[in-house]
Each structure stands twice: as C-alpha cells, then as structure tokens.
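Trainee: For reference, the structure I am asking about is given below.
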C-alpha cells in the first residue's frame, strides 16, 4: 500500500488504529486498508476532512465518536510545539477570549486555547519542563468569570434582543464549556509530545460511556449514561423478541402455509407454525440505592422501566436498610430521570435508625412484607454490592426468596476480585443465588439480554 | 462521479441538499472506494433525502427498498411469476417438458425486486435501503452478498453480477443494532443535528420567505431546545415546519405568545412541551 506521504503516514495510521482498539473499538485489517485508501483519496492537507474520512472508514457506531475525536487529536495534531508567538499576558488573553466568545469564533477559540496552555499550563522547574496541565490553565485563566462581560458585549452589539434574549446565558455557557474542552485537548497534545503518544492515548482519553465503571462514574458521566437508556432498551427488546420467536412452537398456521405453498404449485412443502401468544414473565427488582451504588441502581431501574412492556408485571423495590416499593415513582420517573434518586429518597421509607445499608434487614423485611410479590413465574434481580456494614447477611431470607421465585440473579457492580473483602458478604450470597459481576453498561446489557426470561 | 469533497458539497447544494463537511466527505469516499454507505441518525435530519440528492446529482435512477418487519427474499430480491408460468405451461400443450422447463425459468418470468433491479442493467443507479433496522436479521444475511460482491444468485439462472456498481445508501434509526458483519462492509456516517450556521442556511433555502432576523431566532430557539433533556428532540424537519408555520402566521418576531402557541410543531410529547415551556420561562400552558 502506498500513500502520497509514504511510510510515515502508514505507521501513524496503524498506531492510531491500535490506540482505538485499546479503547475497545473493534477495527479489522480491512477497515485499516479502507482508511489508508481514504487518506490517499483525501490527502493530508485538510485536517477536518481527514478526521471525517477516517471516522467513516474506521467507526461502526455513533457511541465510538467520543473516543475517536480525542485520539485523533493526539495522532494527527493541529500543530507541533508551541504557538508562534508567546502570549502577551493574562489580561490580554482574557480580553481576546471575551471577544472570541462574544463572536462565537471557533477558529479563534482554538488558537486561544493553544496560547493559553502554552502561557499558563506549563509546570515544573522551568515552565513546561515537566508537563502541561489543563486544570492549571483554566484555574489561572478562569474563563467562567468572563460570563457577565460576554453577555453584556453581546447585548451591547444588539446580537440578542426580544424573546431569544433568554437563551443567551445558556449559549454563552456552552461556548465557555467548548473552550474548556479545547484547552483540555491542547494540554493532552502537549503532554503527548513529551511523554509519547501511545501512552497518553491509552491513559488520558476517557472510555466510551458503556465501558465506564458504574462505581467510579461522575455526575456528568452518569447523565450521559442515562441518555443511552432508551436506545439500549430498544436494542434489548428486539433481542428478547428474537429469543421469543426462536422459542416458539405451536400448531400449524393454515393460512400462511397455503400462501407459502403457492411457490411449490400448491403443495405445502413447508409448514408454517402459528406464533404462540407469548406468556409474559414477571419481574421483581430489589435495588440498593445507598450512596455507593446508587448510580448503578438508578441506571438499571430506568433500563428495566424502559423494558416494562416486555413483561406482564414489573415491580421495583428500593432499599438502604429498610425496603419500600418504588414502582409508581419509577413510572413517573421516565420524564425526569435526573430527579429519580432524590424522589425515591424523599418519598419512600428506606432508612430506619441509621443511614447505612443493611442487606440482611432489608431482605428480611422484603421476605416478610412483600413475600407474595414473588411467585413461580417471577424472576428476581438483586442489585447491590452486598456490603452489609458488618451486619447479619440474613441468608435464610434469601433462601426463602430463592425458593419461591423462578430464578434469582444478583448483579454486583464491584469487580469480582473484591468480593468477600472487608464487609462484603458477596460469597455467602453467591452460594445461594447466581451472582454476576456487572461493572459497566456493556456488561449490564449483555447480562440482561442473557438472563431476562422470555 | 465526484472529483473532490468540495465538488460533492457544491453539486449536492445545487439539488437543494446542504451537506455538512462530514456528509460530503463520506459521500465522496463512498463513491471513491465503491463501498455502501450506512447512514444513521435521529429521524428527520435528511438521511433519505441524502440518497435522493445523490441520485439527482448522478442522474441515476433511484431504486428504493423500504424495509419493514417481515420483508423477505421475494420482496427484496426476486420472485418467479407463478401465474404467468402456469399460463405458459397450459398454453404450450404440445411441447415437450424440456422445452417448457427451460422457457418458464427465463427472464421473462422473473419479477425483479429492488436489490436485483439495482445490480442489473448498465444505467447508473442509486440503491436506497431505507430503515434497514426494521427488517429482520435474516434479511441482513441476504444483503451481505449483494453489498460485498454486488451479485445475486438465482438458482435457475445462475449468478447475476453487476456490470455497473450502484451507489448504495442504507439508512437506520438504530431501533435495532445492525450486525457487525453488515457494518463492516459499509462506510459509517452519523448525521447529527447541524450546527447553527448550517441550519440557518437550510432554513433560508427551504423557507425563503422568512426574514433574516427571524430565521436566526428560530434556529437559536431550536438549539436551546436540543440542549434540554427531552424525550424527542426537534429535528431539522421540525425546524423547517416551524419556520413555515411562523411564515404562515405572519409572525414578524418571536414572542412568548407565538412560541407558546406553536411549540406543538416542534415538540411531539406533552411532557416535552411542559418542560420546554418551563425552561423557556413561558407562562403556564
């Protein structure tokens, strides 16, 4: 394979592909060859064309784009080294930044990000000798404090009046956020020049939302995860439907058999079976919503709620150390997923004398008060890390629930190697019910597709 | 078909399709590498329109396969015309069976469906496989042969290969995950919502009667709505509808009353309407 710029580009491309693969993007050799052809067809002159061309040939889904862009910025950087001119000073930069934010000039913002990191991001004995920090840059520059100035500038220029004036503040906030992202990308690039691209690509680029560990996800990342609930639910619903279809056996559907027999001259060679009316299973969810695992529980509850038409009955219970039914809250919760956790906390009785989670007490209360919710057609999912805070795990209650239900599964957001450490009662519970490690949305969707009853 | 990415943008624009750089680049590559183009994105951003525009630019015939649950070989590929075959058999009473047999499985009795139509013949064609995600998984298997080798095997006739490869566009709303095998054979393009400037140009092109300032406001409001966490975000199609509505109402500028009364054009769920009204500081509905 030859490209206009020769071997250097080929090598750059293959290490770029390797970095994407390290982030879980599945790229075959065929796609790499396509990408090389794309480079050949597009040339290297226009960076944005190259970006789109490589994205078209290498990626297979929109979710991968969040990983692709930062990695692309590292391997095909906008420039090398620092800016041509050193920045004059903090006030000068802030002044020009305010102008660029007022005009929403993307190209100018990108240039300013380069200057800002160069001027204020370097740390070490002599500035820049040890590395570059986007945090330090933003701390010194404080773009958020330009907010009022930019707003007044825009209003002063008559750029916003009447009804749309109320949108202005959010728009400026978005522009400032975009600038912060540019600074982060620029700092990453400068660090990569110093420490080697491959290492930075592996470590400093955040994983895609579905590979994010539930227990370590921040607020923004959880919000992003929540947005994936409904597409994920749709995907799972079709997978369940396919499993149901395959599972169906039934009597002959005469009408469709005869219709099919036309192609064989009226001889019914291939009998068509009547589709069985699906008997929809029941689902009960027991969710630990205490602080440590609430991100995981929220996400799973929303997912199950989004799948509710796949089941005849879904009941959801939340607990910390007491248990309460939250099915109703969840039904209304789909309109406002962010407030779900707060509402559950406010409206359900989840805690007794203290605020830390107690699996034994909660499970015992469930077996006692809601025992009739579990019948021979019910599948029970328990969501939680099984950390009992040294309380009695109450194994008889679990045994009782497992005896009544069709199946009981336990989804644990902790990594398997940590089960049983400290106050975790995971191994005890795992002896009674099937326990699965479920750390990321990807694992969860695989488990749900496999474990949900059809 | 195209000489450069700019050429793609310019010629698509002539037909009334304003393409973002990502769209233009990917269309250019699809043409250059001869690969099918898989287009995903929210409803109403112009996925199907893209295929139509490409067909118009290339002066090609647009062959469309609309996928739905239960679409099968006989709808997508080809079918034998049984009724006509029966007529032929009963008409030729005195013939030997061998003669009849070779005759009734000839092209005359073949009903071509979109996939076969697209690869037969020498004239340029654009094959649009619309809403691929609605079709069953089995149909994807059928597409693989067509899309990778551009050939179809009819047992009675042999393998029919394309003499001229059609430009293939597959669209999907991602209601089902397409198989990795299919994705691998295609260039992937995600059309998202356009940026402000592009959307302004689109509105100006589609609703020329709307004045400049109002167009700007319309696009800004839609942008603000898209930043909210709504069940169904307004798409380009809704923006255009809204612009047309405002034009029809003769609204000179946006104000609370106009926005409140026409919010239903942009948002299709009552929850969303209420939420947006609250965020935009409209009076209670």
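Every read-out reported here was derived from the displayed coordinates using simple, explicitly stated rules and does not represent laboratory data. Just so it is clear, the model here is predicted, and its values are computed rather than measured. Positions of Cβ are backbone-derived with ideal geometry, glycine not excepted, and every protein chain shown enters the neighbour counts.
Trainee: Calculated FRET efficiency, residue A:142 and residue B:153, Cβ-Cβ r, R0 60 Å, to nearest 0.05?
Mentor: Details: r = 67 Å, r/R0 = 1.11.
It comes to 0.35.
Trainee: Over what distance in Å are the Cα centres of the range A:352-419 and the range B:174-219 separated?
Mentor: A separation of 48 Å, based on Cα centres.
Trainee: Turning to a different aspect of this structure: What translational diffusion coefficient, in µm²/s and rounded to a whole number, does the Stokes-Einstein relation yield for the range A:297-454 at 37 °C and a viscosity of 0.692 mPa s, taking the hydrodynamic radius as the Kirkwood radius over Cα pairs?
Mentor: Values: Rh = 16.1 Å.
Answer, rounded: 204 µm²/s.
Trainee: Here's a follow-up. Return the Rg/Rh ratio of the range A:161-227 with Cα-based radii and a Kirkwood Rh.
Mentor: On the way: Rg = 16.7 Å, Rh = 14.7 Å.
Result for the range A:161-227 is an Rg/Rh of 1.13.
Trainee: I would also like to ask the following. Averaged over A:45-57, how many beta carbons belonging to a partner chain fall within 10 Å of each residue's beta carbon?
Mentor: Details: counts 0, 4, 0, 4, 9, 1, 3, 11, 9, 2, 7, 17, 7.
Average per residue, whole number: 6.
Trainee: At each listed q (0.12 Å⁻¹), what is the log10 of I(q)/I(0) that the Debye formula gives for the range A:327-411 modelled as equal alpha-carbon point scatterers?
Mentor: After summing over all Cα pairs, the log10 values are -0.43.
Trainee: Taking 8 Å as the Cα distance limit and 6 or more residues as the minimum spacing, I'd like the relative contact order of chain A as a percentage. Intermediate values should be presented prior to the final figure.
Mentor: Working: 615 pairs, mean separation 49.9, N = 454.
Relative contact order of chain A: 11 percent.
Trainee: In what order do B:157, A:330 fall by count of nearby beta-carbon atoms within 10 Å, going from fewest to most? Could you put the intermediate results ahead of the total?
Mentor: Working: B:157 13, A:330 25.
Neighbour counts put them in this order, fewest first: B:157, A:330.
Trainee: Another question, then. Answer rounded, prolate or oblate for the range B:117-175, using the Cα gyration tensor with square roots of eigenvalues a ≥ b ≥ c: rounded when a/c is under 1.5, else prolate when a/b is larger than b/c, else oblate.
Mentor: oblate
Trainee: Also, I was wondering about something else. At 7 Å along the Cα-to-beta-carbon direction for both residue A:428 and residue B:89, put a label point, then send me their distance in nm to one decimal.
Mentor: 7.5 nm
Trainee: Ok, one more. With everything on Cα atoms, drop me the angle between helix B:47-57 and the longest principal axis of chain B, reported from 0 to 90° to the nearest 10.
Mentor: For helix B:47-57, the angle is close to 70 degrees.
Trainee: Along its three principal axes, how long is the range A:90-204 when you only count alpha carbons? Whole Å, largest extent first please.
Mentor: 51, 28, 20
Trainee: Given springs between every Cα pair under 10 Å in a Gaussian network model of chain B, which of B:11, B:120, B:184 has the largest fluctuation?
Mentor: B:184
Trainee: Which value, in Å to one decimal place, does the Kirkwood hydrodynamic radius take for the range A:7-75 when every pair of different Cα atoms is included?
Mentor: 11.9 Å
Trainee: Here's something else I'd like to know. For chain A, find the longest principal axis of its Cα atoms and tell me its angle to the long axis of helix A:90-103, 0 to 90°, nearest 10.
Mentor: Helix A:90-103 sits at roughly 60 degrees to that axis.
Trainee: Calculate how steeply helix A:106-120 sits against the longest principal axis of the alpha-carbon atoms of chain A, using the helix alpha-carbon long axis, and give the answer as 0 to 90 degrees to the nearest 10.
Mentor: 80 degrees
Trainee: Rounded to whole Å and sorted largest first, what semi-axes of the equivalent ellipsoid does the C-alpha gyration tensor of chain B yield via the square root of 5 times each eigenvalue?
Mentor: Details: eigenvalues 426, 87, 58 Å².
Equivalent ellipsoid semi-axes, largest first: 46, 21, 17 Å.
Trainee: Taking the number of other C-beta atoms within 10 Å as the exposure measure, put A:183, A:17, A:80, A:433 in order starting with the fewest. List each step's numbers first, then the result.
Mentor: On the way: A:183 25, A:17 22, A:80 7, A:433 18.
With the sparsest Cβ surroundings first, the list reads A:80, A:433, A:17, A:183.
Trainee: log₁₀ I(q)/I(0) of the range B:16-127 at q = 0.24 Å⁻¹, via Debye over equal Cα point scatterers, no solvent, to two decimals?
Mentor: -1.36
Trainee: Also, I was wondering about something else. For each of B:242, A:419, count neighbouring Cβ atoms within 10 Å of the residue's Cβ, then give the residues from fewest to most.
Mentor: Values: B:242 22, A:419 19.
So the residues, fewest neighbours to most, are A:419, B:242.
Trainee: Can you figure out the FRET efficiency of residue B:175 with residue A:267, using R₀ = 51 Å and their beta-carbon distance, to the nearest 0.05?
Mentor: Numbers: r = 38 Å, r/R0 = 0.74.
Taking R0 as 51 Å, the efficiency between residue B:175 and residue A:267 is 0.85.
Trainee: Can you compute log10 of I(q)/I(0) for chain A with the Debye formula, treating each Cα as one identical point scatterer, at q = 0.05, 0.09 Å⁻¹?
Mentor: -0.28, -0.83
Trainee: Please give the calculated 222 nm ellipticity per residue for the protein assembly as shown, where each DSSP H segment of at least 4 residues contributes -39500 (n - 2.57) and the sum is spread over every residue; nearest 500 deg cm²/dmol? Working shown, then result.
Mentor: Working: 34 runs with 380 residues, N = 739.
Theoretical 222 nm ellipticity from helices: -15500 deg cm²/dmol.
Trainee: Right, next: Can you run the Rg to Rh ratio on the range B:196-279? Use alpha carbon positions and the Kirkwood inverse-distance Rh. All intermediate terms of the calculation are to be shown ahead of the outcome.
Mentor: On the way: Rg = 11.8 Å, Rh = 12.7 Å.
For the range B:196-279, the value is 0.93.
Trainee: Counting pairs of alpha carbon atoms under 8 Å apart in space and at least six apart in sequence, what relative contact order in percent does chain B give?
Mentor: Numbers: 407 pairs, mean separation 61.5, N = 285.
Computed over chain B, the figure is 22 percent.
Trainee: Assuming R0 = 25 Å, what is the FRET efficiency of residue B:197 and residue A:47, from their Cβ-Cβ distance, to the nearest 0.05?
Mentor: Details: r = 19 Å, r/R0 = 0.77.
So the FRET efficiency works out to roughly 0.85.
Trainee: Mind giving me the nanometre distance, one decimal, between the label points for residue A:242 and residue A:309, set 7 Å out from Cα along Cα→Cβ?
Mentor: Going by the 7 Å Cα→Cβ label model, 2.0 nm.
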